[in-house]
Amino acid sequence: MHLLRALRTSSLWLAAALASQALASPILYYTPSLVSNGLGKPSSSQFTTAVTNAFGAGNVIEIPTFNNAADFDDGAALFVNARLGADSLSAAEKSNLFSFINDGGAVFFIGDHSGWTTWDDSFLNLFGDSFLHWNGVNAASLVTGNAPAQFASAGQVLLSAPGAIAGGNGKKLYTVFGNGGGRAMSALYGPEDNAIAFLDTSALSGNTASHLAFYSGLSSWLFETASAYELSKQPVVTPPSGNTVPDSMPVLAIAPVLFGFAWFRRRVRI
């Protein structure tokens with residue numbers, strides 16, 4: 001009798017523990033793009049499709065700004081579309097985005113070349129970096145050894161007069177070669193490499209095989225980083241004292257016990 005009661009208590013605890021790990025799909029919030037390319041823009045339809053396929057269309061939501069943290073407090077990923085070159089993130093947006101990144105949420109910033117110096121600096125300065133002035137040319141960019149695994153198949157992406165990053169506080173993600181001389185036009189930031197700055201909006205509107213591979217890699221990175229952040233926010237379930245299931249016992253090993261217990265309850269009234 002005592003064994004059955006212990007098994008019943010343990011099974012209830014196990015069910016609660018497993019239920020606590022059942023995650024809803026992470027939500028991505030994005031702000032409007034004020035240029036022709038970006039998440040949600042018709043010219044970037046293939047990129048937008050890749051993101052919505054990863055998250056689910058109902059989990060990709062546009063909001064006006066990131067000024068109010070309550071507008072995206074259930075989000076796990078944020079996509080900061082490019083605004084106009086002379087625009088800047090507000091002080092409230094900078095504070096909210098920096099806190100979100102430090103907590104582990106996924107954030108992607110999109111900027112561009114020299115005409116967007118003010119805009120680029122408004123997010124690069126969060127990490128102590130800045131826009132690098134150079135005569136950007138049409139070029140190709142190569143993924144570096146710092147890149148997360150999701151970008152492995154997106155080894156090269158074509159660019160149109162990209163911006164470049166100075167400061168070196170991030171890990172180079174994409175570097176321009178040829179006339180670019182190894183300049184970083186994309187970098188990883190954040191405590192878990194969970195933020196990316198990318199300085200070329202045209203890269204979101206191509207339809208070559210390399211562009212499609214880039215879209216796949218980026219959407220996978222956003223989703224997987226967001227999922228990890230969502231998991232980190234889940235409460236830890238502490239089993240009741242005296243009825244713990246040893247950590248070394250796999251769930252698959254427990255399953256037959258629970259199945260047998262359920263069958264036994266139908267045969268014997270406890």
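The values are calculated or read from the model by the stated rules, or taken from the named source; none is laboratory data. Please read all numbers here as calculations on a predicted model, not as lab measurements. Methodologically, a virtual Cβ is constructed for each residue, glycine included, from the backbone with ideal geometry; neighbour enumeration extends over all protein chains shown. Each accessible area value is taken on the protein alone, full model and side chains, heavy atoms only, with ligands, DNA and RNA left out. Shrake-Rupley method; radii C 1.70, N 1.55, O 1.52, S 1.80 Å.
Table for the structure above
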quantity: Qualifying residue in segment 96-106 (condition: open to solvent by less than 30 Å² (accessible area, probe 1.4 Å), at pLDDT below 95 and under 20 Å from ASN169 (Cα atoms)); calculated: no
quantity: Scan of segment 30-79 for residues that are open to solvent by 40 Å² or more (accessible area, probe 1.4 Å), over 21 Å from LEU231 (Cβ atoms) and assigned to a loop (DSSP other than H, G, I, E, B), ordered by number; calculated: PRO32, LEU34, SER36, GLY40, LYS41, PRO64, THR65, ASN67, ASN68
quantity: Matching option when the condition is under 20 Å from PRO162 (Cβ atoms), at pLDDT 90 or above and among the small types (Gly, Ala, Ser), among ALA195, ALA226, ALA209; calculated: ALA195
quantity: Subset of segment 149-164 that is open to solvent by 30 Å² or more (accessible area, probe 1.4 Å) and assigned to a loop (DSSP other than H, G, I, E, B) - its residue that is farthest from ASN207 (Cα to Cα); calculated: ALA152
quantity: Options ASP120, ASP112; residue that is closer than 15 Å to SER33 by Cα and modelled with pLDDT under 95; calculated: ASP112
quantity: TRP134 vs. criteria open to solvent by 20 Å² or more (accessible area, probe 1.4 Å), more than 21 Å from LEU28 (Cα to Cα) and either among the basic types (Lys, Arg) or assigned to a helix (DSSP H, G or I) (or both); calculated: no
